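Engineer: Before I ask anything, here is the structure I am working with.
The values are calculated or read from the model by the stated rules, or taken from the named source; none is laboratory data. What you see is a predicted model, and the numbers here were worked out from it, not measured in a lab. Here the Cβ positions follow ideal geometry from the backbone for every residue, glycine too, while neighbour counts run over all protein chains shown. What goes into the accessible areas is simple: the full protein's heavy atoms, side chains included, and nothing from ligands, DNA or RNA. Shrake-Rupley method; radii C 1.70, N 1.55, O 1.52, S 1.80 Å.
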Amino acid sequence: MKKIKEITKGKAKSMFTTENQEHLIMHFSDDTSAFDGKKKEALLGKGVVNNQFNAFIMDHLKQNGIETHLVEVIDNSDSLVYRLDMFPIECVIRNRASGSICKRLGTEDGLILENPLFEFFLKDDDLGDPLINDEHIISFGWATHEQILEMKKLTYKVNEILSKLFLDSGLILVDFKVEYGVHNGKILLADEFTPDGCRLWDSETMKKMDKDRFRQGLGDVVESYHQVADRLGMNIKT
Ligand code: ADP
Ligand code: UDP
């Protein structure tokens, strides 16, 4: 499988066309960014662990009835995926308050929420990915009412499946972000699920094992991603 042309170079991944129009190669780079791109660094080995981490999670979700864009892993840091029409939207679920919601609502870090909280954000770096609601999505035509319902249903299901998976390995899934796109009229889970896009805390010590280690300058970022992968029984090739 050959990369033909880079069509998007994002903050952590690049997408390449292939000979097959239906497929893209998703390359995970070592680049890491936070605070709307204000903090940037290349973390050696992050792309390799994230590509394989993502594939493990996507496979687990598939086994549990969630359809995803992943076709196959083709290299340590590359995967083949279906080319989707992406919604310009991020879907976030929070089981505990952390990150932006603490600033927005003055909440204490780690507060357990009565119910998992679903939030939509617009994918727009220049605007700092603002919080939006269903009404914005319908009014601006970013998705239909039915698609909104489907994305919410799928994201709650992802939360249920993965909260259990992580807790069984002694990790609390605090929150996460996922993205969806459409393939042949069907909504598929796309992009990635890695410690770059979720918060994972050790359930005994509450140690942060995710990208907050980078955001907060705590060090050992890639090492922590490997520790999470090991706990879940992933066999990461380096
Ligand atoms: P960002 O856009 O936040 O900088 P990345 O570095 O992760 O993000 O870049 C990956 C880009 O590829 C994102 O814009 C994402 O929406 C898009 N993408 C993810 N999966 C697919 C897919 N299957 N088909 C088309 N685009 C995708
Ligand atoms: N997230 C992400 N990409 C974004 C924004 C958020 O992957 O562009 C993830 C983030 O890692 C966290 C969850 O979504 O797991 C909620 O993020 P939050 O709104 O708290 O923003 P943050 O403080 O992380 O910028």
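Engineer: When the Cα centres of the range 207-238 and the range 80-97 are compared, how far apart do they sit, in Å?
Structural biologist: 21
Engineer: Continuing with the same structure: Determine, for each peptide in 109-116, 171-178, the mean count of other beta carbons within 10 angstrom over its residues, then list the peptides with the highest first.
Structural biologist: Values: 109-116: 11.6, 171-178: 23.0.
With the highest mean Cβ count within 10 Å placed first, the list reads 171-178, 109-116.
Engineer: First check a/c for the range 167-238, with a ≥ b ≥ c the square roots of the eigenvalues of its C-alpha gyration tensor; if it is under 1.5, answer rounded, and if not, answer prolate when a/b is larger than b/c or oblate otherwise.
Structural biologist: Details: a/c = 1.95, a/b = 1.79, b/c = 1.09.
Taking the square roots of the gyration eigenvalues as a ≥ b ≥ c, the range 167-238 is prolate.
Engineer: Hey, another quick one. I want the local charge near Asn20. Using Cβ-Cβ distances under 14 Å, sum +1 for each Lys or Arg and -1 for each Asp or Glu among the other residues. Present the calculation step by step, with values, prior to reporting the outcome.
Structural biologist: Values: positive: Lys2, Lys3, Lys5, Arg83; negative: Glu19, Glu22, Glu72.
Neighbour charge sum, excluding Asn20 itself: +1.
Engineer: So what is the accessible area of the chain per residue, in Å², with the probe set to 1.4 Å? Intermediate results must be reported in sequence, preceding the final value.
Structural biologist: Details: 11890 Å² over 238 residues.
Result: 50 Å² of accessible area for each residue.
Engineer: Next question, about the same structure. At R0 = 30 Å, how high is the FRET efficiency between Asn184 and Asp230 if r is their beta carbon distance? Nearest 0.05 is fine.
Structural biologist: Working: r = 37 Å, r/R0 = 1.23.
Efficiency at R0 = 30 Å is approximately 0.20.
Engineer: Could you run the Debye sum over the Cα atoms of the range 13-81, one equal point scatterer each and no solvent, and tell me log10 of I(q)/I(0) at q = 0.21, 0.25 Å⁻¹, two decimals?
Structural biologist: -0.91, -1.06
Engineer: Here's another thing I want to ask about it. Given the alpha-carbon gyration tensor of the range 38-159, what are the semi-axes of its equivalent ellipsoid in whole angstrom, ordered largest first, with each equal to the square root of 5 times an eigenvalue? Walk me through the numbers on the way to the answer.
Structural biologist: Details: eigenvalues 133, 84, 58 Å².
They are 26, 21, 17 Å, listed largest first.
Engineer: Let me ask something else about it. Calculate, for Met1 and Glu108, the FRET efficiency according to 1/(1 + (r/R0)^6) with r their C-beta to C-beta distance and R0 41 Å; round to the nearest 0.05.
Structural biologist: On the way: r = 48 Å, r/R0 = 1.16.
So the FRET efficiency works out to roughly 0.30.
Engineer: Moving on to the next point. Using 0.36 nm times the number of residues separating Met206 and Ser169, minus their current alpha carbon distance, what extension gain do you get? Don't skip to the end; give the middle numbers.
Structural biologist: Numbers: separation 37, 0.36 × 37 = 13.32 nm, distance 1.34 nm.
Difference between extended and current length: 12.0 nm.
Engineer: Spin-label point model (7 Å from Cα, Cβ direction): what's the Glu19 to Thr238 distance in nm?
Structural biologist: 3.5
Engineer: Can you tell me what the convex hull of the Cα atoms of the chain projects to on average, as an area in nm²? Each step should come with its number before you reach the end.
Structural biologist: On the way: hull surface 51.2 nm².
Directional mean of the projected Cα hull area for the chain stands at 12.8 nm².
Engineer: For the pair Asp220/Asp124, report the inter-label distance in nm, with labels modelled 7 Å from Cα in the Cβ direction.
Structural biologist: In this crude spin-label approximation the distance works out to 4.1 nm.
Engineer: Run the accessible area of the chain with a 1.4 Å probe and give the carbon-and-sulfur part as a rounded percent.
Structural biologist: Details: 5850 of 11890 Å².
Reported share for carbon and sulfur atoms: 49 percent.
Engineer: Also, quick follow-up: How much net charge surrounds Gly219 when only the other residues with a Cβ under 15 Å from the Cβ of Gly219 are counted, with Lys and Arg +1 and Asp and Glu -1? It would help to have the intermediate numbers written out before the result.
Structural biologist: On the way: positive: Lys39, Lys46, Lys207, Lys208, Lys211, Arg213, Arg215; negative: Glu41, Asp210, Asp212, Asp220, Glu223.
Residues close to Gly219 contribute a combined charge of +2.
Engineer: Another question about this same structure. What helices does the chain have that are whole DSSP H segments, at least 30 Å long along their own axis by Cα, and with mean Kyte-Doolittle hydropathy of -0.5 or more? List each step's numbers first, then the result.
Structural biologist: Numbers: long enough: 145-167 (33 Å, -0.10).
The qualifying helices are 145-167.
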